[in-house]
Amino acid sequence: MLLLLRRVGFCLGLLLTACAVRAQTINTDAVTRYWEITDGLRQNRPLTDQAWQEFLEIPGNKIYVRGIYSAADLVRYRRAIEVVYMPRYDSLRQANLDAKVWYYLMVNDYKEHEPDYRKLVASAKNNAVSLDLMYQKAYEYLPARNHTKVADLNIYYEALGNDATSQAEGLFYSLRAVRDANEAGAGILQGHEMHHRLRTGKDFGNIAPDDEGLMQIMFSIQNEGLADLIDKSVTINMPGDPRGIREWVLDPAPSFIHQMDSAIQARALGGAPATDRWYRRLSNGSNGHLPGFFMSSAIKKNGYTKQLIDKADDPFAFFYLYQKAVRKDKTHPPRFSDASMRYLKVLEQKYTKSRPASS
């Protein structure tokens with residue numbers, strides 16, 4: 001009887017696993033339509049306004065671009081697609097490539113490496129291995145309580161830009177971003193975005209308007225800083241740092257920390273609060289990658305990885321751990337002032353009943 005129950009349980013486990021796998025869907029409609037459009041452009045057939053708008057309304061594109069590109073960006077991107085793919089614009093295409101105009105460089109990459117991208121899409125559709133690897137990478141910097149699976153996960157691929165984003169509707173990856181990341185390590189970009197879907201955060205209730213800017217940037221710094229350990233800690237070690245991670249989010253980090261520290265000190269003395277918009281500009285629009293990766297790397301380097309993972313839901317703990325880490329670090333990274341740390345503890349007490357962590 002016991003053996004029978006074990007067999008039943010084993011079969012049930014297999015059935016549940018199979019259902020979980022079936023609940024994951026890969027959507028490449030945006031990529032397919034992109035290739036259809038560009039096939040027409042190669043024949044010098046103009047891209048109509050209606051075709052472009054319908055292209056942007058495809059879910060894989062619509063949700064992906066809303067947090068990345070403005071309307072003006074999309075106008076410039078459309079023009080680049082037309083110029084790069086239509087033979088009659090070849091001289092203009094070359095002039096923009098020589099001038100290193102970003103839109104033209106990106107679109108030209110999609111054109112020149114289309115066979116590679118077609119192979120990538122074909123591989124992505126056979127997703128059993130890639131899904132397992134995605135979760136494996138995400139779990140590396142998550143506590144056991146977050147080692148879960150996303151029900152009815154939708155994964156979208158696009159042939160626009162070189163970004164990836166995690167949204168309530170699913171995970172969205174540009175083919176260029178996936179190709180770049182795969183050169184450093186399979187599954188690391190997917191793991192980064194899955195980390196965002198799985199990580200849970202503390203509920204601080206309603207945040208007062210005067211606290212929103214500081215609280216939001218703290219959330220963003222921890223959110224991206226943790227996930228960046230999955231992919232950017234690998235990518236930055238590629239010969240020559242070809243993705244420019246150091247220049248993008250490491251080199252500017254000390255200046256960000258000093259300016260953030262000044263803003264917190266000013267607030268502690270009764271000054272006006274720094275806004276979310278101010279912090280976004282200070283972060284170069286990176287949404288927390290700057291200085292999140294710098295801070296999480298310092299925490300890990302100085303031996304606090306376990307605490308970093310255990311407190312993955314607590315932005316205050318993230319800042320306190322950074323203070324501990326840099327005090328040990330012989331390279332003397334910038335740290336926040338004691339006045340700023342005292343203010344953060346007051347702010348923490350305001351929104352939680354727990355005793356503030358020790359710095």
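The values are calculated or read from the model by the stated rules, or taken from the named source; none is laboratory data. Keep in mind the model is a prediction, meaning the values are calculated, not measured. We place every Cβ from the backbone using ideal geometry, glycine too, and count neighbours over all the protein chains shown. Heads up: the accessible areas ignore ligands, DNA and RNA and are worked out on the full protein's heavy atoms, side chains in. Shrake-Rupley method; radii C 1.70, N 1.55, O 1.52, S 1.80 Å.
To the nearest 0.05, what FRET efficiency results for T331 and L92 with a Förster distance of 56 Å applied to their C-beta separation?
E between T331 and L92, to the nearest 0.05, is 0.70.
Expressed as an acute angle from 0 to 90° and rounded to the nearest 10, what is the orientation of the C-alpha long axis of helix 114-125 relative to the principal long axis of the chain?
60
Please state the shape class of segment 176-266: rounded when a/c is under 1.5, otherwise prolate if a/b exceeds b/c and oblate if not, all from the C-alpha gyration tensor.
oblate
Any chance you could give the angle, 0 to 90 degrees and rounded to 10, that helix 175-184 forms with the longest Cα principal axis of the chain?
The helix 175-184 is inclined about 60 degrees to the chain.
If you wrap a convex hull around the C-alpha atoms of segment 218-291 and split its volume per residue, what is the figure in Å³?
Convex hull of Cα atoms, per residue: 75 Å³.
Report the calculated FRET efficiency for N237 and A168 (r = Cβ-Cβ distance, R0 = 56 Å), to the nearest 0.05.
Result of the calculation: an efficiency of 0.95.
So how far apart, in nm, are the two label points at R66 and D39 if each is 7 Å from Cα heading toward Cβ?
Distance between label points: 3.0 nm.
Jot down the per residue volume, in cubic angstrom and as a whole number, of the convex hull over the alpha-carbon atoms of the chain.
181
Have a look at P87, S286, A51 and report the one farthest towards the positive end of the charge dipole of the chain, computed about the Cα centre with Cβ charges (Lys/Arg +1, Asp/Glu -1).
The residue sitting farthest along the positive end of the dipole is S286.
What trypsin sites (Lys or Arg not before Pro) does segment 306-338 have in DSSP loop regions with at most 15 other beta carbons within 10 Å?
Filter output for segment 306-338: K330.
Provide, for q = 0.11 Å⁻¹, the log10 of I(q)/I(0) from a solvent-free Debye sum over equal Cα point scatterers in segment 251-324.
-0.30
Within straight cross-link reach of K100, meaning Cα distance under 29 Å, which lysines are found once same-chain residues fewer than 8 apart are removed?
Within the straight-line cut-off, K100 pairs with K62, K111, K119, K232.
So what's the projected area for segment 161-212, the Cα convex hull averaged over all directions, in nm²?
Directional mean of the projected Cα hull area for segment 161-212 stands at 5.3 nm².
At 1.4 Å probe radius, can you tell me the per residue accessible area of the chain in Å²?
Normalised by residue count, the accessible surface of the chain is 50 Å².
Looking at the P(r) of segment 303-353, how many percent of alpha-carbon pairs lie beyond 13 Å?
61
Cα to Cα, under 20 Å, and not fewer than 8 places away if on the same chain: which lysines meet these conditions relative to K202?
K149, K306, K311, K345, K350, K353
Assign unit charges at the C-beta atoms only (+1 for Lys and Arg, -1 for Asp and Glu), then state the dipole size of the chain relative to its Cα centre in Debye, rounded to the nearest 20.
Dipole of the chain, to the nearest 20 debye: 1020 debye.
Accessible area of segment 181-266 with a 1.4 Å probe: how many percent of it is carbon plus sulfur?
47
Once segment 204-359 is represented by equal point scatterers at the alpha-carbon sites, with solvent omitted, what log10 I(q)/I(0) does the Debye formula produce at q = 0.13, 0.16, 0.19 Å⁻¹?
At q = 0.13, 0.16, 0.19 Å⁻¹ the computed log10 ratios are -0.57, -0.87, -1.25.
With r defined as the distance between the Cβ atoms of E212 and R145 and R0 fixed at 22 Å, what FRET efficiency is calculated, to the nearest 0.05?
With R0 = 22 Å, the Cβ-Cβ based efficiency is 0.20.
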